[in-house]
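A.B. asks: Pasting in a structure now, in C-alpha cells, and then I'll have a few things to ask.
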Amino acid sequence: MGSFFSKNNAPFLIAGPCSIESRGQLEALLAAIAGIGEVDMIRCGVWKPRTRPGDFEGLGEEALRWIAEQKPRYPHLRFAAEVATPSHLEQCLKYGIDAVWIGARTSGNPFSVSELCEAMKGVSIPVLVKNPLIPDIKLWAGAIERVRNAGIGDVAAVHRGFFLDNNLGYRNNPLWKIPIELKRQYPDLPLFCDPSHICGKAELVAKVSQTAMDLSFDGLMIETHPAPADALTDARQQITPQQLSQLIAELRIPVKDNTLPDEMQMLRHEIDTIDGELLQLLRQRNDKSLKIAEIKRANNLSVLQLDRWEKLLQSHLAQAEAMGLSVEYVRRIFEEIHAESVRLQNEALHKD
Ligand code: PEP
Ligand code: MN
C-alpha cells in the first residue's frame with residue numbers, strides 16, 4: 001500500500017476550482033492558496049462532464065499546459081485532475097499531473113473504468129475514485145477494486161453524495177451510511193469527502209466538512225475559486241480561498257487515538273450487552289412467529305393479518321412516544337421486524 005494520501009492527525013486537503021478557466025484564474029488561485037499551509041493538493045477540472053451539450057466543457061490540454069507552467073513555482077503543492085478516458089490519463093501523465101480522480105459519471109460505468117484501468121497498468125499515479133451517482137456500494141467498491149487490480153498502490157475513495165428523489169436540501173443526498181459501510185469493508189482505504197458536490201451551496205460546505213471530520217473521514221476535496229460568482233461551472237458551491245482558510249481554521253479534527261476514556265469504555269460495554277439482549281429477543285420473537293405459522297397453516301389462516309399489524313403498530317408507536325423515543329425510528333424498526341416475520345411465515349408455509 002502506498003502512502004500518498006496519509007497525513008498524521010490531519011485531514012488531507014484538496015482544494016481548487018471546479019474548472020480551470022484561464023491562466024489568470026489559475027495564477028490568482030495558486031497565489032492565494034499557497035498562503036494556506038494546510039492545503040496538500042490542487043484540484044483542476046480540465047475536462048468537465050456536462051449534463052447538457054453546449055455548456056463549458058473545460059479547456060483540456062491548454063489548461064494542462066498552464067498547470068505544468070505553474071507547478072515548479074509551488075513545490076509543496078501537488079496537482080490532480082479528473083480523467084474519464086485513457087486519452088485523458090495519457091495527457092495528465094504527459095504534463096506531470098500528480099494524481100487523478102475518476103468522477104461520479106465514470107465510476108458507475110464498469111466499461112469506462114476497465115478502459116481507464118487498462119491504461120493505468122504499469123503506471124504509478126495515485127487515483128481517487130468518486131462514488132457513482134447511484135447509491136450502489138458494490139458499483140463504487142467495484143471501481144476501487146478494478147483500480148487496485150491495475151496495480152495502483154495509492155487509491156482513495158471520495159464521497160460526493162447521491163442524486164436521489166429527496167436530496168434533503170442538498171444538491172446530492174449525503175446518505176452517510178454508504179461511505180461508512182465502505183470504510184467498514186475497506187478499513188485501509190483512505191476515505192475523502194467532497195462537501196462541495198454534496199452541498200451545491202457555498203454556505204453549507206463548512207458544516208458538511210465538519211460532519212465528515214466527525215465521521216473520521218481522512219480528507220476533504222473542496223471547490224475553491226478566486227471569484228466564485230464568475231465561475232463557468234458550479235458557481236453556487238465554490239468558496240473563496242479566504243473562506244477556505246476560515247473553514248480550515250474552524251474545523252474541529254477529532255484525534256485518531258485508540259486510548260479511550262474509561263467511562264466511555266464502560267458505556268460501550270453496556271451497549272454491547274444491550275445489543276446482545278436485543279438479538280436474543282429477536283431470536284425469541286422469530287421462534288414465536290414460526291409457531292404461529294404452524295397454527296395459521298392448520299387453521300387455513302392468511303399470513304398477513306392487517307388488522308393485527310395495524311393495532312400492534314399503533315400501540316407500539318403510542319408507547320414509543322410516551323417513552324420519549326422517536327416515533328419514526330420505532331416505526332422503521334417495527335416495519336422491518338414485521339416484514340421479516342411475514343417473510344419467515346411465508347417460507348414456513350411453503351416449505352413442503
Ligand atoms: C467535479 O469534481 O468537478 C465533478 C464533476 O464532480 P462529480 O464527478 O462528483 O460530479
Ligand atoms: Mn464541480
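A.B. asks: With Cβ to Cβ distances under 12 Å as the rule, what net charge do the other residues near PHE5 carry (K, R +1; D, E -1)?
C.D. replies: Within the 12 Å Cβ shell, the charges total -3.
A.B. asks: Identify the trypsin sites (Lys or Arg not before Pro) of segment 249-283 meeting these criteria: DSSP loop state and at most 15 other C-beta atoms within 10 Å of the C-beta.
C.D. replies: ARG252, LYS256
A.B. asks: To continue, here is another question. Give me the Å³ per residue figure for the convex hull around the C-alpha atoms of segment 1-133.
C.D. replies: 122 Å³
A.B. asks: With a ≥ b ≥ c taken as the square roots of the eigenvalues of the C-alpha gyration tensor of segment 38-80, please select rounded if a/c is under 1.5 and otherwise prolate if a/b is larger than b/c or oblate if it is not?
C.D. replies: Oblate, because a/c is 1.5 or more while a/b does not exceed b/c.
A.B. asks: To continue, here is another question. For segment 159-218, rounded, prolate or oblate, judged on the Cα gyration tensor with a ≥ b ≥ c (square roots of eigenvalues), a/c < 1.5 rounded, else prolate if a/b > b/c?
C.D. replies: oblate
A.B. asks: Can you list the lysines whose alpha carbon sits under 23 Å from that of LYS256, skipping same-chain ones fewer than 8 residues off?
C.D. replies: LYS7, LYS177, LYS183, LYS207
A.B. asks: Under a 5 Å amide H to amide H cut-off, with H placed in plane at 1.01 Å, what residues pair with ILE222 once short-range neighbours are removed?
C.D. replies: ILE14, ALA15, GLY16
A.B. asks: Are there trypsin sites (Lys or Arg not before Pro) in segment 11-105 that DSSP puts in a loop and that have at most 16 other Cβ atoms within 10 Å, and which ones?
C.D. replies: ARG50
A.B. asks: At each listed q (0.17 Å⁻¹), what is the log10 of I(q)/I(0) that the Debye formula gives for segment 12-250 modelled as equal alpha-carbon point scatterers?
C.D. replies: With one equal scatterer per Cα and no solvent, log10 I(q)/I(0) is -1.35.
A.B. asks: With a sphere of radius 15 Å drawn around the Cβ of ALA104, what net charge do the other residues whose Cβ falls strictly inside it have (Lys, Arg +1; Asp, Glu -1)?
C.D. replies: That works out to +2.
A.B. asks: Mind listing the phi-derived Karplus ³J(HN,Hα) values for segment 329-336, rounded to whole Hz, using 6.51, -1.76 and 1.60 with θ = phi - 60°, and x for any glycine or proline?
C.D. replies: Computed from phi, the couplings for segment 329-336 are 4, 5, 4, 4, 5, 6, 4, 5 Hz.
A.B. asks: So for PHE12, PHE163, what's the accessible-area order with a 1.4 Å probe, most first? Mind dumping the intermediate values first?
C.D. replies: On the way: PHE12 0, PHE163 140 Å².
Largest to smallest exposure gives the sequence PHE163, PHE12.
A.B. asks: Let me ask something additional. Restricting things to alpha carbons, find the Rg to Rh ratio for segment 294-352 using the Kirkwood radius for Rh.
C.D. replies: Values: Rg = 13.9 Å, Rh = 12.7 Å.
The Rg/Rh ratio comes out at 1.09.
A.B. asks: Straight-line reach only, C-alpha to C-alpha below 26 angstrom: list the lysines that LYS311 could link to, leaving out same-chain residues fewer than 8 apart.
C.D. replies: The reachable lysines, counting only those whose Cα sits under 26 Å from LYS311, are LYS288, LYS291, LYS296.
A.B. asks: Local charge sum around GLU270 (other residues, Cβ-Cβ under 15 Å, Lys/Arg +1, Asp/Glu -1)?
C.D. replies: Overall, the nearby charge balance is -4.
A.B. asks: Counting only heavy atoms of the protein chains, get the accessible area per residue of segment 12-250 (1.4 Å probe) and round it to a whole Å² value.
C.D. replies: Normalised by residue count, the accessible surface of segment 12-250 is 41 Å².
A.B. asks: Distances over 18 Å make up what percent of all Cα-Cα pairs in segment 211-352?
C.D. replies: Counting every Cα pair in segment 211-352, those more than 18 Å apart make up 75 percent.
A.B. asks: First check a/c for segment 98-214, with a ≥ b ≥ c the square roots of the eigenvalues of its C-alpha gyration tensor; if it is under 1.5, answer rounded, and if not, answer prolate when a/b is larger than b/c or oblate otherwise.
C.D. replies: prolate
A.B. asks: Now for a separate question. Place a label point 7 angstrom from the Cα of GLU203 along the Cα-to-Cβ direction, then list the residues of segment 144-180 whose backbone nitrogen is under 18 Å away.
C.D. replies: Only 168-172 fall inside the zone, counting backbone N under 18 Å.
A.B. asks: Continuing with this model, one more query. Determine the calculated [θ] at 222 nm for the chain from helices alone, applying -39500 (n - 2.57) to every DSSP H run no shorter than 4 residues and normalising by the residue count; nearest 500 deg cm²/dmol.
C.D. replies: Helix-only estimate at 222 nm: -15500 deg cm²/dmol.
The values are calculated or read from the model by the stated rules, or taken from the named source; none is laboratory data. All values reported here derive from a predicted model rather than from experimental measurement. With ideal geometry, Cβ positions are generated from the backbone for all residues, glycine too; neighbour counts draw on all protein chains shown. These area figures cover heavy atoms from the full protein model, side chains too; ligands, DNA and RNA do not enter into them. Shrake-Rupley method; radii C 1.70, N 1.55, O 1.52, S 1.80 Å.
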